[in-house]
1. Please enumerate the residues belonging to the range C:1-36 that are part of a loop (DSSP other than H, G, I, E, B) and out of contact with any helix residue (DSSP H, G or I) (no Cβ under 6 Å at 6 or more places or on another chain).
2. In the range B:220-234, how many are of a type in the set (Val, Ile, Thr) and surrounded by fewer than 24 Cβ atoms within 10 Å (Cβ to Cβ)?
3. Filter the range B:71-84 down to residues that are within 9 Å of another protein chain (Cβ to nearest Cβ) and either at pLDDT 95 or above or touching a Gly at 6+ places or on another chain (Cβ under 7 Å) (or both), then give me how many there are.
4. What's the number of the only condition in (1) touching a strand residue (DSSP E or B) at 6+ places or on another chain (Cβ under 9 Å); (2) part of a loop (DSSP other than H, G, I, E, B); (3) of a type outside the set (A, V, I, L, M, F, W, C) that B:Glu250 fails to meet?
5. Of the residues that sit in the range B:254-267 and are among the polar types (S, T, N, Q) and in a helix (DSSP H, G or I), which one is farthest from the other protein chains (Cβ to nearest Cβ)?
6. Looking at (1) surrounded by fewer than 17 Cβ atoms within 10 Å (Cβ to Cβ); (2) on the phi < 0 side of the Ramachandran plot; (3) outside any helix (DSSP H, G or I); (4) not hydroxyl-bearing (Ser, Thr, Tyr), which is the only condition C:Ala174 fails?
7. Among the residues of the range A:286-308, is there at least one that is more than 27 Å from B:Val239 (Cα to Cα) and surrounded by fewer than 24 Cβ atoms within 10 Å (Cβ to Cβ)?
8. Yes or no: C:Gly138 under 16 Å from the mean Cα position of the chain (by Cα), more than 14 Å from chain B (Cβ to nearest Cβ) and within 25 Å of C:Ile22 (Cα to Cα)?
4 protein chains.
Amino acid sequence: MGSIFGEQLKISIFGESHGTAIGVTIDGLPAGFSISTDRLHAFMGRRRGGQNAFSTPRAEADLPEFLSGIQNEKTTGAPLCAIIHNQNTRSGDYAPFADTPRPSHADFTAIRKWQGSSDLRGGGHFSGRLTAPLCVAGGIALQILEHHGIFVGAHLASVGTALDEPFPIFPDAALFSSIAAKPFPTISDSAASEMQAQILAAREERDSVGGTIECAAIGLPVGLGEPMFDGIENRLAQVIFGIPAVKALEFGGGFALSEMRGSQANDPFTYNENGEIVTKTNNSGGIQGGITNGMPIRLRVGIKPTPSIGRPQQTVSIEKHENTTIEIGGRHDPCIAQRAVPVVEAAVACVLLDTLLSNGK
Amino acid sequence: MGSIFGEQLKISIFGESHGTAIGVTIDGLPAGFSISTDRLHAFMGRRRGGQNAFSTPRAEADLPEFLSGIQNEKTTGAPLCAIIHNQNTRSGDYAPFADTPRPSHADFTAIRKWQGSSDLRGGGHFSGRLTAPLCVAGGIALQILEHHGIFVGAHLASVGTALDEPFPIFPDAALFSSIAAKPFPTISDSAASEMQAQILAAREERDSVGGTIECAAIGLPVGLGEPMFDGIENRLAQVIFGIPAVKALEFGGGFALSEMRGSQANDPFTYNENGEIVTKTNNSGGIQGGITNGMPIRLRVGIKPTPSIGRPQQTVSIEKHENTTIEIGGRHDPCIAQRAVPVVEAAVACVLLDTLLSNGK
Amino acid sequence: MGSIFGEQLKISIFGESHGTAIGVTIDGLPAGFSISTDRLHAFMGRRRGGQNAFSTPRAEADLPEFLSGIQNEKTTGAPLCAIIHNQNTRSGDYAPFADTPRPSHADFTAIRKWQGSSDLRGGGHFSGRLTAPLCVAGGIALQILEHHGIFVGAHLASVGTALDEPFPIFPDAALFSSIAAKPFPTISDSAASEMQAQILAAREERDSVGGTIECAAIGLPVGLGEPMFDGIENRLAQVIFGIPAVKALEFGGGFALSEMRGSQANDPFTYNENGEIVTKTNNSGGIQGGITNGMPIRLRVGIKPTPSIGRPQQTVSIEKHENTTIEIGGRHDPCIAQRAVPVVEAAVACVLLDTLLSNGK
Amino acid sequence: MGSIFGEQLKISIFGESHGTAIGVTIDGLPAGFSISTDRLHAFMGRRRGGQNAFSTPRAEADLPEFLSGIQNEKTTGAPLCAIIHNQNTRSGDYAPFADTPRPSHADFTAIRKWQGSSDLRGGGHFSGRLTAPLCVAGGIALQILEHHGIFVGAHLASVGTALDEPFPIFPDAALFSSIAAKPFPTISDSAASEMQAQILAAREERDSVGGTIECAAIGLPVGLGEPMFDGIENRLAQVIFGIPAVKALEFGGGFALSEMRGSQANDPFTYNENGEIVTKTNNSGGIQGGITNGMPIRLRVGIKPTPSIGRPQQTVSIEKHENTTIEIGGRHDPCIAQRAVPVVEAAVACVLLDTLLSNGK
C-alpha cells in the first residue's frame, strides 16, 4: 500500500514537503547492529541540495532525529523511526498550482485522486524531498550490509548526452568510496565537467536536463531471491520506480540485449582463479531467473529532466475550465540526476538487506 | 513470495515444465463476470509455439482446465484455479545440465538456491512455459477490464535492429484487435518481414535474437494507483520483470527522457474537444507520481535473445570442477519476443484489474 | 486476500465442494525435504468422514494428486500444487438453499457478497471439505517440522459437556502419536465414550453438538515470532479462525486468566535439570509478547455444533420475501469437532513452519 | 512483519516505552475526512492512566502531534504520522530486569530474540504504552466509520469474578456513548462497584486481577470480508492478539457454543419490521463464513492480570545461572482491563475501516 515496501524489512515513508516533518519507519531491522551517525550523515549529505550551482538553493540540514529503534547507536530490534523536521519552506510559492497543475508533476493526479484534499505545497508527499527518509533507511541498510561483505555503489552515468565511463565488470568497494567522496559523482572527471556544462546550459535557459545512473552491488551470495515475481529484479524495480522522476530501468545488458544475438548476450560460465564459478561477461547483471549468480548486480536507471522549469508552460485552469500558461517560481534543480545517485544506492541497499533477511541470512 | 503477485487479486502460478501440470490460482476475482472460453483460447493461442518457423516445434494444446471459481462460464467469486497438463515432453534432452549449467539460463542459480533438488527439466519452474498460466489469468482479466471500458494491446516493437512503427499517441481498441489477429504481431507488415528475416538468419546460424515490445492500455480512469512504491509503474514493473527474458522496462519517454530538456519532456495539459483534460504529448506514459492521469499507459519491454542456442557454448562442470563446453539439443525459439507479446498484455491486464479493485472500482 | 495465508510460506487454497477439484498451492516450501506419501495419507485419513457413526457417510478417498513441487517424493523448491478431485457429490441436495439460506451457514453471506453468482452446492468454497487441502499443506509442514525437532499434536478436549483430560504441562511426541493412532482422538478412553454418547444422542434427535480442541506444539526454539501484530498468537489466530465452525480461541490459561490474580497467573521462571530456563506453570501457553519462550505452545479452539441439522429450521425465502421453514437433507456430521482435530494440527503446523522460515531457520 | 497490520490501510506502530517518542503511521487513509482533534483527545483520554486508584500513577498528556497526513483537521490522503513524546519516565526502575526477567512479561523473549540489544526499559516496544498510538489510529478510524453509519463500542464485561451485564442483541450508538462517558466503562453501575472492589482488593495485596471486554460494532453492510483466512474474524483476531495481555478471543456465542446443540446455536433468519433479513439470535456474532451478515459484530476478549505485581516473584538470574527472586518496583495498574476497553474499540475500528476499504466502500 502506497509508501511502504519490503517483506521482512518493512520500510514505511511518511511526510509532505511543507508539513511538520517527514520520516521513515523501518520494521524488522535486525538487532544489535552499530549504526554510525557520522557515516549516516555523510551519506545523507550526498543527496542534499543547496551546495552548488547544480542544484536547488533550498539548503536544509535534513539530518534525522531517531525516535525509536536505536539505543546508544545500536539497533534494538524494535521498529526504528527517524524524522526530519521541515523548515525553510516558502509555501506561498506553490499556492496557485491547485488550480493550474504543473506539467509532468503529480499535481493533477493528486488533485483527482484525493479530490482536492491533498497537500500540494512543494509537491506534498510526491516531492523529491521524500527521498531523504529513503536515504535514512538506505544509509542504515548500507552499514548493515557491510557486515555481510556486501557493498553498493552508483555513479552518474550520463547527463543529457554527456556520458561517464561504465563500471568495470568487477567494481570494488574502493571505487564506490572514491565516487562517493567526490562533489560530483562520476568515475571520469572529464565526464563530470561535460555534464556540469550541460546542466549549467539548461539552467541558463531556465530549463532542466535528465540523466542516467548506473548502480552496482557486490559481495552477494549465490542463490538470493525468489523465482518469478519476487526475484531481485522485481523487488528492485518496485522500489526504484518509487523514486520520483525515474521512468526507465534495465539490468545487465538491458535494452541493448534486444539487438544482440544469443551467442553475444549469453554469459559463459568459467572458474576464476579462486576456483569460484563466475561469468565472463555480465549481461545478466548478476541475476538469472530473478536469483543472484554471484556476479555483481548491475542496473541502470533513467531519470527524466526536473519537471519544474522557469520557462512559461502550457497547462489548464481547472476552475475556469480553460487552457492557460504558468511560470513556476520557487527554487528548482536544473538536474536532479546527480542528487538521485545516493537515492538509488539507498533503494538498492534496502531491497538487498530485505532479501538477505527473507533468505534467512 | 516467489510466484504470487497482486494485492486484492492474488495471482499464484505453479508448475514445472516437465512436471504433471502447470497452472494458476486467482484469488479475489469479482463474482458474476462471464468469461468466454473461446476468447480465452484465442488469446492463449497467440503465445503458443509450434505454429511456424519462428518458434519452437513443441506444439501443445495448452488449453486450461478449470478446477474451481467458474460455473457455467461465469466467475463465482471463489478462487479460480486453472491447470494445463504437460505432455509431449522429452526430459532426456535436459538431463546433462544439472552438472553443466546452460549460460544465461536459471540452471546455475536454481541448483545453488535449491541445493540440487530443483526440477531442472525444461527449465523447471523457470521455463517460459510458465507464462501460459499467466496468460490464463491475463486473458480473464482482459475480459473483465473490457466491462470497465479498459483495453490493453501490445505489438512487437523491434527484433534485433528491425523496428516496427510506434503506437500513435491515442491507440484504440480496433488497433489492438487488428494486431492481435495477425500471425506476427506488428503494426507495420513490412516491419514484420524484416523482423522475420532477422529471426530466420539467427536460426540458420543456430543462434537467437532479442526484441522489444511496446504495450499500451486505454480507458483508465484518472487517479488510479498509489504514491511511491505502490504506483502503477511499481506494480507493473514487479510483474513484468517476472516474465522470463525481460531485462529492461521503460514508461512513456523512458530512457530517451534522460537526454531531453524539461521543456521537451514535460507533457503540457490542455482541454480536448470533449472538454477533458489531456496532455499534448505522453512522455509520462499516462502515469504521474505513480498515478494514472487518464492518458494511455505506455511502456516498452526489452527481451533478451533466447539463451538456448544450438551453438557450442562455454560453461563449467560443477562435478569435475573444470571448464567445459556444451551443446544444447532440444527444441528452441530463435526469438522469444513475438510470443511474449500477449504475455506482456496479460501481465499488464492482471496488474490493472488488481489496481482497479484496490481502488474500489 | 481470502484463501491465502503466510509470509514466507504462502498457502493458497482453492476449490468448491461440488466443483471439479479442490486443492492447495504452497509457495516457499524449502527444497530437498523428503515427504512420505504414506504418512501424508495417514494424516489425511484422520480428518476423513464416512468411517463410523460419528461422522458423515460421504466417504471419499480424498487423497491428493501432486501437480508440481515434488519430484521422487522430495520437495523441489518450486511451488507445490496438490489437488483432490471431487466425486460422489449429490448437488441436487443443495439446490433449494440459494433462496432459503441455511441458518448459521455461509449461504446468506455468500449470496450477498457474490451477488448470486457463488457456487452454493455443498457450501461451495465455505464447505468443511476445503479443510482437506489445508491438511495436505499441514501434513507436509508436520513432516518438515520434525526435521527441526518440532512436533504438533491435538486432542478432542470436549464434546458438549463431556471433557477429556488436558495435556500435561510437557506433552511429548509419543503422546501425540498415541492420540493420532486412536479412532477417536482423546487422551482418556472413558472421555471418548462419554463424548460418543453425546454425539449419538444428538444424532438420534436429528441434532448436532459442538466441542473444543486442545493443541500443543513442542520443540520450538526461544525467540520465534515478532512483536505486536505478527506474533505467534496473531498468526495462529488468523489461520485457525479460517477453519469453518471455529468461533473461539485461547492461548495458555486463556479466558480463565481473566478470573485470576497476577500472583496465580504469572509463570515463574526456573532452571530445569538440563540447565535450561523454563517456567513452572504455562499460563502463557509458550508465548510471551507474541514470541516463543521455549515452553510448549498451548491453545484451545472452540467449535460450534454442525449447523446442518435434520430438524426443521426457520429461515426466509429471499425471492418470496417471507419467513419460511427448511429441512436440510443430505449427509451431515452430528459433530464436526473430532474431525477438526487434525485440521487444527495442520493449521498450527503451517503457521509454525512459516514462522520458522520468517525467522531464518 | 511485526508492528504493522492492515491491507488497504497499513497501520504501523513504533516506539519504545522509555525512548524519545512512540507513534503510528497510517498509510491508505482516505482523503478529505475531517478529524476532530477534540474528539480524538477525548477518546485517547479513556485509555490514559493516572486518573484514579484503579490504574497506574504515571500520568502523561499522551496527546498526539501530527507530523503529516492532516492539514486543517482534514486528511490529505498521504500517510498520516502522529507521535507522542515520552516524558516522566523513570528508567532506573527497570534496569535490573535485563538479567532477571519478570515473569509473564516479554523481557525473557525479547532478550533472547534480540540477543541482549533490546530496549527493555519499561517493557520497551512490548509496553502497554504502545497501545496509545493504536488508539490514535483507532480514534481516527472511528470518526471515519461514523460517516459510513458504523459505530463501535465496548464495555468491561468482567473483572475477576464480577460480571457486567452483556450487550443487548441490538446495541445502539447511544449505549456506546453512554458507556464511553463513564469514568469506569460498564453498563451496570453496580457491576462497576463490584469490579472496583476486586481491583482494590488485589491492589491492597500488591497483586493484580484480570478481566474481559465485550465489544460490538453496528451498521456494517452485509457481505463484508473474505472467505477463509481473510474474513472479519481472522483480521480482528490478528490485531486483537496484538494488544498486550490478551490471551483469549471469541465471537458471538464463542466457547459456550461448544456445549450447545445445533438447534440452540443456529441463528434462525427472519424478516424484521423494516423488511430486512436479520437473525433471531446472534450466536454467529454477526459473521458467517468470515463475512458480515448485517447483524452486530459481537466479540469478547480475555485479558490476563497485569504481570507486574508488587509481591516477590520467582525468576532466574541469567548471568549467575541460578534461581532468584525479584520484587518489581515502579508504577503498575492493578488491573489493565478497564484501560484496554478503548484499545479494543480502536483495534476493531481499524480493522473494520480497512475491510471497508478492501471491499471498495
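1. Just the residues of the range C:1-36 that are part of a loop (DSSP other than H, G, I, E, B), to begin with: C:1-3, C:6-9, C:16-20, C:28-33, C:35-36.
Correct list: C:Met1, C:Gly2, C:Ser3, C:Gly19, C:Thr20, C:Gly28, C:Leu29, C:Pro30, C:Ala31, C:Gly32, C:Ser36.
2. Narrowing the range B:220-234 to residues of a type in the set (Val, Ile, Thr): B:222, B:232.
From what's left, surrounded by fewer than 24 Cβ atoms within 10 Å (Cβ to Cβ): B:222.
Adding up the residues that qualify gives 1.
3. To start, the set of residues in the range B:71-84 that are within 9 Å of another protein chain (Cβ to nearest Cβ) comprises B:71, B:74-81, B:83.
Next, from what is left, pick out any that are either at pLDDT 95 or above or touching a Gly at 6+ places or on another chain (Cβ under 7 Å) (or both): B:74-81, B:83.
Total satisfying the criteria: 9.
4. So the condition that B:Glu250 fails would be (2).
5. It comes out as B:Gln264.
6. Only one criterion is unmet by C:Ala174, namely (3).
7. No; the residues of the range A:286-308 include none that is more than 27 Å from B:Val239 (Cα to Cα) and surrounded by fewer than 24 Cβ atoms within 10 Å (Cβ to Cβ).
8. yes
The values are calculated or read from the model by the stated rules, or taken from the named source; none is laboratory data. Everything quoted here is computed from the prediction, not taken from an experiment. Don't worry about glycine lacking a Cβ; one is built from the backbone with ideal geometry, like all the others, and counts go over all protein chains shown.
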